[in-house]
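Have a look at the structure below before the remarks.
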Amino acid sequence: MNKHLAALLVVCLSTSAFSVECPSPAGAAPGSISTQSTEARLAFLSKVLGEEAPATRTWKLLWGAGYGLITMGQLAILGLSTEADRPDWVIGAAASSVGFATIVVGGLEVTESGTAFVERARVVTPEQTCALLEDGERMLREGAGAQAFSTGWIAHTANVLFNVGVGLVLGLGFQRWRTAAINFGVGTVIGGATALTRPTGLKRGWEQYQRGAEAEPKVSVQLFPYGIGAGVLVTF
């Protein structure tokens, strides 16, 4: 085969998937990324989902480990505590185990599937293009909604009310009002920090994908592995 013809064939095969035009999602603003070419849309989805996958895994790992250690530490102290102090550690361990469960159980689809989407986009065929694009848009849309909910006022209110409940159990049930106050304060701060450091790249990405503009700037705090510990990244 002529080498020029072979080169042309390779180029055609590598770009054939993008000759397919796929419908834009409902609510797309004129001129937004979601109304652009298939190639541009897949590239944007691959970037956002590919970057968010490790970010959500890191957040889940660090907070899951943190809540797990807090729970195990309180259970260990329980075995050495006096009978009068045992309610403090039992209720405390139960509360932190709820936090552990909310981190570990469930989670965003992008955590496990974001990287796989990037790999699928690299080898997609024309017949698979629209289905893959639709799958990426769904993952981005649903993940954005979940991130908006878990970092919004409802989640913060639920955190406060949960810790109020823990405090009332200790105070009213066992007359441990000092411990109740400590649990409320510490639990509320830790729960708030958990929500504050949650990655929100999908939320910002969906806004940009649908409206064609960056989401309104806000303070963002993210955790990432650093050596044997963790680092904190604050963006504005």
(message) No solvent, one uniform scatterer per C-alpha: report log10 I(q)/I(0) for the range 104-200 via the Debye equation at q = 0.16, 0.19, 0.21, 0.25 1/Å, two decimals.
(response) -0.76, -0.91, -1.01, -1.18
(message) Using only the alpha-carbon atoms, what does the range 30-235 span along each of its principal axes? Please give whole angstrom values in decreasing order.
(response) 69, 30, 29
(request) Using a 10 Å cut-off on Cβ atoms, rank the peptides 37-49, 142-154 from the highest mean neighbour count down. (result) 37-49, 142-154
(request) Beta carbons within 10 angstrom, averaged per residue: use that to sort the peptides 75-84, 90-99, highest first. (result) 90-99, 75-84
(request) Mind jotting down the three principal axis lengths of the range 170-210 based on Cα atoms? Whole angstrom, largest first. (result) 53, 14, 7
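The numbers here are math on the coordinates, done by the rules we state, and not lab data. What you are looking at is a predicted structure, and each value in this text was computed from that prediction instead of being measured. We place every Cβ from the backbone using ideal geometry, glycine too, and count neighbours over all the protein chains shown.
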